[in-house]
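Engineer: I have a structure I would like to understand better, so I am pasting it below and will then ask my questions one at a time.
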Amino acid sequence: MPPNKNRIKTFYAVFKSKLALPFLGIILFSILNWHCTKVDITSIGSGLIPAVDNVNTFDSSYPVIANSFDSILLKQVCTTIYPQEDYALGSINNDPLFGTTKGTIFTEMKPEFFPFSWRIPSGSTVTLDSVVMCLSYRGAYGDSTKQQKVDVFELTNSVNFAPDSNSCSTYSFSTLLGSATFTPERLKDSVKVKPDTTTGELRIKLSNTFGQRLLSQDSSTAFSSDTTFKKFLKGFAIVPNTAFGGNAITYFGMFDNNTKLNVYFHYRPAASNKDSSILATFKTTLGLTATANNITRNHSGSAVASWVAGGPRPSGDSLIYIQTTPGTYAEIKIPVLSTLSNRIIHKAELIIDQVYAPPSDPDKYFYPPNYVYLDLKDTGTTYRNIPCDLNATSGRPDLENFGGVRKTVKDKFGNDITRYTFDISRYVQKIVTTHRINGTLRLRAPDYISTAFGYLDDCGFFSPILNYPINDPVLGRVKLGGGNNTNYPMKLRVIFSKL
């Protein structure tokens, strides 16, 4: 690959005051061949790699200390849920590794304009046919073959109900308006409904009593303005019926065209003997309609609860549990980096493997996150991107080169497992050469990679404000090997040349 001129200048400045001139040729050679495949493809665990142009290159693996943390116990559970995201609805009642999860949706559905009227001739006889809430299906996570039940309630209080909300938002509700029982995997099928055929919808029939309340309003009453309508109908709570069962989260697009409230009715003008059918639709409108997605986790009695009990262990955990936001995370320390002599780092790769589970395990339903993310602990409560290695100057993190992308590999027993890797070569080079602080790393599976402000990192690279989506909330969880795991050890593999 072409050499990075800025990288060459940076490392030349770092080394020129420390090395004699005979070594400069070696340094420049190594930088120009930073991703040389002769080095990168080796699978030697530790030892000397055959010399490349008379430069001896070594491959060593170093242990790490990793501990699991539960953000639920630490009350770090709230994450922003943006209107454009897929909203989680349903319940996971039987995940032995991570316990239970419940997703509730709060939403408004309104006429598309005010004042609004049913547009029927005065004096007509109006008859309600049905009221149906439709939610646009986007996918499912978990055992989507098991039936679930959801109930729709009317909100009793909508104070501070806003278009943007977070996973801790909740609102009071009381009157049950309707229910639906469904199998998540079948929601993608077509449904024939007059006057058209739809696909990918959850349809929830609401009570006729509620429908009559709607039909009794007009442009002179509740439909006169947005304000009067909110007083009449504060919104809906769509709540999973956990007592019914189910073991999956189903995702819905709350601002898709198929998400709506359909009011079906017919009318007969006073001087006519013929009925006319009407379909009136209330919609969600981006920026104008309030929505919220409350997500609650309960780890009590699960495997992760026992591993986070008692706080972090000085020697680390042999098992690391990562659950997509809102969930769990791990802190990783690599003590050996503080003891290494100065050397040329060709590649430093953090390797993290899933602990294999048999096909009968719930892992077949609750598969690993598509992405995990590694950042650096600044203080007890603030974090920043891994300096020098994460390229995000375009506003899009280069995860393909930095790492954290889920991939499937064979373990030493021939089983398929998930592996995540991170290239932290320049970060490690800074530690061994300029003795930057060997900090604590954080591993997690966030929904967004977010930074509140832009800054220059240790290598002078600009790290911009970020708000980049990588995972849907809830979707993904995994049991990983810790630093002292016998068969699946988390480790730092370093390919280097001695000076």
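Engineer: Please work out which one of (1) at pLDDT 95 or above; (2) touching a Ser or Thr at 6+ places or on another chain (Cβ under 8 Å); (3) not in a loop (DSSP other than H, G, I, E, B) is the condition Pro115 fails and give its number.
Structural biologist: Failed condition: (3).
Engineer: Determine if the stretch 425-439 includes at least one residue that is modelled with pLDDT of 95 or more, crowded, with 20+ Cβ neighbours inside 10 Å, among the aromatic types (Phe, Trp, Tyr) and not assigned by TED's automatic domain parsing to the domain that holds Ile249.
Structural biologist: Yes; the residues of the stretch 425-439 include at least one that is modelled with pLDDT of 95 or more, crowded, with 20+ Cβ neighbours inside 10 Å, among the aromatic types (Phe, Trp, Tyr) and not assigned by TED's automatic domain parsing to the domain that holds Ile249.
Engineer: Can you confirm whether Ser130 is closer than 30 Å to Arg268 by Cβ, surrounded by fewer than 18 Cβ atoms within 10 Å (Cβ to Cβ) and in contact with a helix residue (DSSP H, G or I) (Cβ under 9 Å, 6 or more places away or on another chain)?
Structural biologist: Here the answer is yes, as Ser130 does meet what is asked.
Engineer: Of (1) surrounded by 13 or more Cβ atoms within 10 Å (Cβ to Cβ); (2) farther than 18 Å from Ser450 by Cβ, Tyr373 satisfies all except one. Which?
Structural biologist: All conditions pass for Tyr373, except number (2).
Engineer: Just a yes or no: is a residue in the stretch 339-362 crowded, with 16+ Cβ neighbours inside 10 Å, over 22 Å from Leu466 (Cα atoms) and under 18 Å from the mean Cα position of the chain (by Cα)?
Structural biologist: no
Engineer: Test each condition in (1) in a loop (DSSP other than H, G, I, E, B); (2) buried (at least 21 other Cβ atoms within 10 Å of the Cβ) for Asn93 and report the one that comes out false.
Structural biologist: (1)
Engineer: Counting only residues that are surrounded by 15 or more Cβ atoms within 10 Å (Cβ to Cβ) and not in a loop (DSSP other than H, G, I, E, B), which one in the stretch 454-466 is nearest to the chain's Cα centre (by Cα)?
Structural biologist: Filtering the stretch 454-466 for residues that are surrounded by 15 or more Cβ atoms within 10 Å (Cβ to Cβ) and not in a loop (DSSP other than H, G, I, E, B), the one nearest to the chain's Cα centre (by Cα) comes out as Leu466.
Engineer: Related question: Given (1) of a type in the set (S, T, N, Q); (2) surrounded by fewer than 18 Cβ atoms within 10 Å (Cβ to Cβ); (3) not in a loop (DSSP other than H, G, I, E, B), identify the lone condition not met by Thr104.
Structural biologist: Result: Thr104 fails condition (2) only.
Engineer: Inside the stretch 400-453, counting only strands (runs of 3 or more DSSP E) that do not spill past its ends, which hold 1 or more residues that are out of contact with any helix residue (DSSP H, G or I) (no Cβ under 7 Å at 6 or more places or on another chain) and farther than 21 Å from Val478 by Cβ?
Structural biologist: 448-451
Engineer: Would you be able to tell me the number of residues in the stretch 251-273 that are farther than 16 Å from Gly103 by Cβ and part of a strand (DSSP E or B)?
Structural biologist: Within the stretch 251-273, residues that are farther than 16 Å from Gly103 by Cβ and part of a strand (DSSP E or B) number 9.
Engineer: Which residue, of Val150, Val132, Val159, Val126, is assigned by TED's automatic domain parsing to the domain that holds Ser216, without any contact (Cβ under 8 Å) to a residue 60 or more places away in the chain and of a type outside the set (Ser, Thr, Tyr)?
Structural biologist: Exactly one residue qualifies, and that residue is Val159.
Engineer: Condition test on Asn208, is it surrounded by fewer than 17 Cβ atoms within 10 Å (Cβ to Cβ) and on the phi > 0 side of the Ramachandran plot?
Structural biologist: For Asn208, the condition - surrounded by fewer than 17 Cβ atoms within 10 Å (Cβ to Cβ) and on the phi > 0 side of the Ramachandran plot - is not met.
Engineer: I've got another one for you. How many of the residues in the stretch 159-184 are among the hydroxyl-bearing types (Ser, Thr, Tyr) and surrounded by fewer than 19 Cβ atoms within 10 Å (Cβ to Cβ)?
Structural biologist: 7
Engineer: Kindly list the number of the only condition in (1) more than 30 Å from Tyr87 (Cβ to Cβ); (2) in contact with a strand residue (DSSP E or B) (Cβ under 9 Å, 6 or more places away or on another chain); (3) of a type in the set (Lys, Arg) that fails for Lys412.
Structural biologist: All conditions pass for Lys412, except number (2).
Engineer: Can you name every one of the strands (runs of 3 or more DSSP E) wholly within the stretch 135-250 that holds 1 or more residues which are more than 29 Å from Val474 (Cβ to Cβ) and either out of contact with any helix residue (DSSP H, G or I) (no Cβ under 8 Å at 6 or more places or on another chain) or of a type in the set (A, V, I, L, M, F, W, C) (or both)?
Structural biologist: Fully inside the stretch 135-250 and qualifying: 190-193, 196-199.
Engineer: Give the residue, chosen from Asp416, Asp378, Asp363, Asp389, that is at pLDDT below 90, of a type in the set (Asp, Glu), in contact with a Lys or Arg (Cβ under 7 Å, 6 or more places away or on another chain) and in the same structural domain as Arg436 (by TED's automatic domain parsing).
Structural biologist: Asp378 is the lone residue from the list that is at pLDDT below 90, of a type in the set (Asp, Glu), in contact with a Lys or Arg (Cβ under 7 Å, 6 or more places away or on another chain) and in the same structural domain as Arg436 (by TED's automatic domain parsing).
Engineer: Given Ile332, Ile344, Ile278, Ile322, which one is farther than 22 Å from Gly483 by Cα, modelled with pLDDT of 95 or more, in a strand (DSSP E or B) and hydrophobic (A, V, I, L, M, F, W, C)?
Structural biologist: Selected residue: Ile344, the only one of Ile332, Ile344, Ile278, Ile322 that is farther than 22 Å from Gly483 by Cα, modelled with pLDDT of 95 or more, in a strand (DSSP E or B) and hydrophobic (A, V, I, L, M, F, W, C).
Engineer: Does Thr197 fit the bill of being surrounded by fewer than 19 Cβ atoms within 10 Å (Cβ to Cβ), closer than 16 Å to Ile238 by Cβ and at pLDDT below 95?
Structural biologist: So Thr197 fails the test.
Engineer: Tell me which residues, restricted to the stretch 281-303, are over 30 Å from Gln217 (Cβ atoms) and either among the polar types (S, T, N, Q) or part of a strand (DSSP E or B) (or both).
Structural biologist: Residues satisfying the conditions are Ile295, Thr296, Arg297, Asn298, Ser300, Ser302.
Engineer: Name every residue in the stretch 72-90 that is outside any strand (DSSP E or B) and buried (at least 20 other Cβ atoms within 10 Å of the Cβ), in order of residue number.
Structural biologist: Selection gives Ile72, Thr79, Pro83, Glu85.
Engineer: Report the residue count in the stretch 282-310 for those that are loosely packed, with under 13 Cβ neighbours inside 10 Å, farther than 30 Å from Leu74 by Cα and not aliphatic (A, V, I, L, M).
Structural biologist: Selection size over the stretch 282-310: 1.
Engineer: Related question: For Ala290, are the conditions met, namely being at pLDDT below 95, of a type in the set (A, V, I, L, M), assigned by TED's automatic domain parsing to the domain that holds Leu177 and within 25 Å of Phe113 (Cα to Cα)?
Structural biologist: In short, yes.
Engineer: Can I ask one more? Starting from the stretch 216-238, take each residue that is farther than 14 Å from Ala290 by Cα and list its partners that are surrounded by fewer than 20 Cβ atoms within 10 Å (Cβ to Cβ) and of a type in the set (Val, Ile, Thr), counting only C-beta distances under 7 angstrom and pairs at least six apart or across chains.
Structural biologist: Going by the 7 Å Cβ cut-off, the qualifying pairs are Ala222/Thr228.
The values are calculated or read from the model by the stated rules, or taken from the named source; none is laboratory data. All of these numbers come straight from a predicted model, not from anything done at the bench. Ideal geometry is used to build each Cβ from the backbone, glycine not excepted, and the neighbour counts take in all protein chains shown.
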